[in-house]
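Participant: This structure is in structure tokens; I'll ask about it shortly.
The values are calculated or read from the model by the stated rules, or taken from the named source; none is laboratory data. No experiment lies behind these values; they were computed from the predicted model shown. Glycine also receives a Cβ, built like all others from the backbone with ideal geometry; neighbour counts cover every protein chain displayed.
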Amino acid sequence: MTTNFSVPSDWYLNFFTAPVMRFWEAAVPPAATEADVAFLVRHLALKPPARILDVACGAGRHALRLAKSGFHITGFDRSEAALARAVAIADAESLPAHFVCVDMLDFEVDAPADALICMGNSLGYFEPAMTMQLLHRFARSLRQGGRLILDTSICAESLLPLASERSFSFPGGTYEQEIAYDAGQSLIRTRAHLTLDGERHELLYRHFVMTSGELVRMLRAAGFGIRGLYGDNADAPFGPGSQRLLLVAERRTPS
């Protein structure tokens, strides 16, 4: 294995292509989405037709399911390929979901929403100063008392020690990763090879790593109070070895 590859800082702008979207649809079973949405509904403590923002929403895996339950959803994402999929389903099923193509660092809302979700690992795309700006933007987009749920698998407690190679199979293909860690920046660089229906695609991406405590401190500085840290969508407490962090916060002070 070689680790002498570089990843541009704006890798996410062109990463989420149609093959990547197909990969996620094949790799994530519907039951996982249902369990995630049950967690969201339980911890957001809202009833339809409350307004929920989904940043970044991807192809609408969570947004569409929430809209089917009667919530009014606005999803933001930079990937045109992902949003085309979400819009097609929302239109075909007349769901109360609206999707906007915009960088998550630049999204805007007309009025504060009741809740905001940020699922997946998109919180780790940016260096700490930019992540802090994003959290302030989240706070400005929520009403007082509105809840925020962050989902990430790149907290240090979940990742370290870090394997240098990983691979797995899914219906229709395989996903192989080479992973390099920059300790000076707490930065993970990944080169992946996605084989899908016999076609091979090289993918480059990177994530900044933080501890759960660092994230909590950043959220408090942005005006949030912390309601809970969970290690899975069944409400297990988060700790070393948890595969993901689901953090529930509430906007308390002006951002």
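Participant: Just one of Thr195, Thr190, Thr131 is among the hydroxyl-bearing types (Ser, Thr, Tyr), part of a helix (DSSP H, G or I) and either under 20 Å from Ala221 (Cα atoms) or not assigned by TED's automatic domain parsing to the domain that holds Arg78 (or both); which is it? If you could, list the steps in order and put the result at the bottom.
Facilitator: Working: Thr195 fails: part of a helix (DSSP H, G or I); Thr190 fails: part of a helix (DSSP H, G or I).
Answer to the check: Thr131.
Participant: Looking only at segment 163-186, count every residue that is loosely packed, with under 13 Cβ neighbours inside 10 Å and under 19 Å from Glu25 (Cβ atoms) and tell me the total.
Facilitator: Looking only at that region, the number is 3.
Participant: Can you find a residue that is at pLDDT below 95 and on the phi > 0 side of the Ramachandran plot anywhere in segment 67-89?
Facilitator: no
Participant: Can you name every residue in segment 109-155 that is of a type in the set (Asp, Glu) and free of Cβ contacts under 8 Å to residues at least 24 places away in the same chain?
Facilitator: The one that is of a type in the set (Asp, Glu) and free of Cβ contacts under 8 Å to residues at least 24 places away in the same chain: Asp110.
Participant: Of these, Leu246, Leu215, which one is modelled with pLDDT of 95 or more, of a type in the set (A, V, I, L, M, F, W, C), touching a Leu at 6+ places or on another chain (Cβ under 9 Å) and in a strand (DSSP E or B)?
Facilitator: Values: Leu215 fails: in a strand (DSSP E or B).
Of the residues listed, the single one that is modelled with pLDDT of 95 or more, of a type in the set (A, V, I, L, M, F, W, C), touching a Leu at 6+ places or on another chain (Cβ under 9 Å) and in a strand (DSSP E or B) is Leu246.
Participant: Please give the number of the condition Asp110 fails out of (1) surrounded by fewer than 18 Cβ atoms within 10 Å (Cβ to Cβ); (2) assigned to a loop (DSSP other than H, G, I, E, B); (3) in contact with a helix residue (DSSP H, G or I) (Cβ under 8 Å, 6 or more places away or on another chain).
Facilitator: (3)
Participant: Any residue in segment 14-30 that is over 11 Å from Gly58 (Cα atoms) and assigned by TED's automatic domain parsing to the domain that holds Asp103 sitting within a Cβ distance under 9 Å of a residue that is among the acidic types (Asp, Glu) and modelled with pLDDT of 90 or more? List the pairs, counting only those 6 or more apart or interchain.
Facilitator: Pro19/Glu199
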